[in-house]
2 protein chains.
Amino acid sequence: MDTIAALRNKRDTRTYLDTAVSSDVLDRVLDAARMAGSAKNVQPVRLVVVTDLETKTALKASGDFAAWIDQAPIIVVVTVRGDAGPRVMFDVGRHAQNLMVAGFAEGLGSCPVTIHHPEVARKVLGIPAEVDPAMIVSLGVPAPGEEPPAMIASPRIPLDDYVAMDRWGR
Amino acid sequence: MDTIAALRNKRDTRTYLDTAVSSDVLDRVLDAARMAGSAKNVQPVRLVVVTDLETKTALKASGDFAAWIDQAPIIVVVTVRGDAGPRVMFDVGRHAQNLMVAGFAEGLGSCPVTIHHPEVARKVLGIPAEVDPAMIVSLGVPAPGEEPPAMIASPRIPLDDYVAMDRWGR
């Protein structure tokens with residue numbers, strides 16, 4: 001898929017088919033996340049990929065709006081080293097965006113899910129104290145109506161409102 | 001450019017040629033950023049695009065490692081509404097990553113620059129109190145040696161170290 005098209009057309013989707021995701025596709029998606037940058041190239045981000053239903057179900061309690069995540073074929077828990085400094089959530093966002101845009105290019109829908117209760121994800125996945133569970137990203141083949149053409153669902157503000165030149169408000 | 005290739009091969013680069021960036025290219029890059037998602041689609045992110053040399057020079061004091069940014073043809077200050085909640089830097093990262101990957105696909109290098117002194121950027125750009133300057137991204141045609149083939153400069157950990165399956169460490 002063309003890069004600009006993928007970046008423009010990816011929308012967050014959270015209804016998926018049961019269709020299995022091949023390990024080739026999943027590897028390409030995870031690899032795109034791996035290649036995202038980080039401050040000083042410290043690479044503090046690691047992923048835990050969850051497909052086990054019992055584990056997905058246990059992870060529902062890690063977010064206030066995560067009751068649906070056991071329905072996603074794949075749950076990716078994005079973790080980050082706790083000592084990685086103040087820019088850490090920015091770098092988590094870069095990794096997650098690579099993951100989601102790569103997924104879109106490979107025919108997968110995705111959605112970020114906020115972790116409000118990191119202690120739950122930590123316990124369920126055995127994440128050590130020096131690492132923080134930072135964000136969940138769901139992945140799967142989108143259900144009909146959630147595939148790309150219908151993804152106009154989330155409109156965006158016009159470019160002129162999004163961008164100012166040289167000074168705020170211009 | 002192919003999406004997976006762009007996501008995999010983009011590296012942070014901060015040495016640029018004086019070559020002008022056409023407004024068509026810049027618009028496509030800014031538009032890719034605009035289309036990135038945000039929590040609940042609140043769209044709290046706005047960009048200030050700076051090409052004026054005096055303004056770029058004044059912005060150098062906004063970061064502890066930003067002394068070089070006046071050398072970049074284009075400086076993008078990514079701002080975010082202050083009331084947008086705890087996930088805000090994650091969403092800033094999503095927008096910035098779209099911007100940088102789109103830039104790469106259009107032949108531009110880029111680099112995120114941390115804002116350690118937001119009050120400087122706020123004053124220089126006239127950013128209102130309810131909006132936070134969150135991150136700077138530089139943009140420009142990469143100097144020789146910084147173009148894609150040389151970007152192997154920042155190695156990444158292997159996929160097996162980056163990803164665990166179902167539980168930390170597996």
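The values are calculated or read from the model by the stated rules, or taken from the named source; none is laboratory data. On a predicted model such as this, the values are computed, not experimentally measured, just so you know. Cβ placement follows ideal geometry from the backbone for every residue including glycine, while neighbour counts extend to all protein chains displayed. The protein model used for the area step is the full one, side chains on, heavy atoms only, and it has no ligands, DNA or RNA in it. Shrake-Rupley method; radii C 1.70, N 1.55, O 1.52, S 1.80 Å.
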(message) Residue pairs, Cβ under 9 Å, 6 or more apart or interchain, first in the range A:81-108 and at positive phi, second assigned to a helix (DSSP H, G or I) and modelled with pLDDT of 95 or more. List them.
(response) A:Gly107/A:Val25
(message) So A:Thr114 ticks every box in (1) facing chain B (nearest Cβ under 9 Å); (2) β-branched (Val, Ile, Thr); (3) out of contact with any Gly (no Cβ under 6 Å at 6 or more places or on another chain) but one. Which box is left unticked?
(response) (3)
(request) Could you tell me whether the range B:140-156 includes any residue that is more than 8 Å from chain A (Cβ to nearest Cβ) and within 29 Å of A:Cys111 (Cβ to Cβ)? (result) no
(message) Step by step: first the residues of the range B:12-22, then only those that are in contact with a strand residue (DSSP E or B) (Cβ under 8 Å, 6 or more places away or on another chain) and more than 7 Å from every other protein chain (Cβ to nearest Cβ), then the one that is surrounded by the most Cβ atoms within 10 Å (Cβ to Cβ). Which residue is that?
(response) B:Thr13
(request) State the number of residues belonging to the range A:96-152 that are modelled with pLDDT under 95 and part of a helix (DSSP H, G or I). (result) 5
(request) Could you please let me know if A:Arg94 is at the interface with chain B (Cβ under 9 Å from one of its Cβ atoms) and farther than 16 Å from A:Asn9 by Cβ? (result) yes
(message) Given the criterion closer than 18 Å to B:Met135 by Cα, open to solvent by 30 Å² or more (accessible area, probe 1.4 Å), touching a His at 6+ places or on another chain (Cβ under 8 Å) and not in a helix (DSSP H, G or I), identify the matching residue among B:Asp64, B:Asp83.
(response) B:Asp64
(request) Being open to solvent by less than 10 Å² (accessible area, probe 1.4 Å) and either part of a loop (DSSP other than H, G, I, E, B) or under 22 Å from B:Asn41 (Cα atoms) (or both) is the filter here, so list the residues in the range A:67-80 that pass it. (result) A:Ile69, A:Ala72, A:Ile75, A:Val76, A:Val77, A:Val78
(request) Those residues that are over 15 Å from B:Pro86 (Cβ atoms) and of a type in the set (A, V, I, L, M, F, W, C), I need them from the range A:110-125; list them, please. (result) A:Cys111, A:Val120, A:Ala121, A:Val124, A:Leu125
(message) Conditions first: (1) without any contact (Cβ under 8 Å) to a residue 40 or more places away in the chain; (2) open to solvent by 60 Å² or more (accessible area, probe 1.4 Å); (3) more than 16 Å from the chain's Cα centre (by Cα). B:Asp27 passes all but one, so which condition is the exception?
(response) (3)
(request) From (1) more than 7 Å from chain B (Cβ to nearest Cβ); (2) closer than 30 Å to B:Gly103 by Cβ, pick out the condition that doesn't hold for A:Ala58. (result) (2)
(request) Search the range A:1-31 for residues being part of a strand (DSSP E or B) and under 28 Å from B:Arg28 (Cβ atoms), and hand back the single one that is modelled with the highest pLDDT. (result) A:Asp2
(message) Condition check: aliphatic (A, V, I, L, M), farther than 15 Å from B:Met165 by Cβ and either more than 7 Å from chain B (Cβ to nearest Cβ) or under 16 Å from the mean Cα position of the chain (by Cα) (or both). Does A:Val42 satisfy that?
(response) yes
(request) Output the number of residues of the range A:37-56 satisfying the condition of being assigned to a loop (DSSP other than H, G, I, E, B), hydrophobic (A, V, I, L, M, F, W, C) and modelled with pLDDT of 95 or more. (result) 0
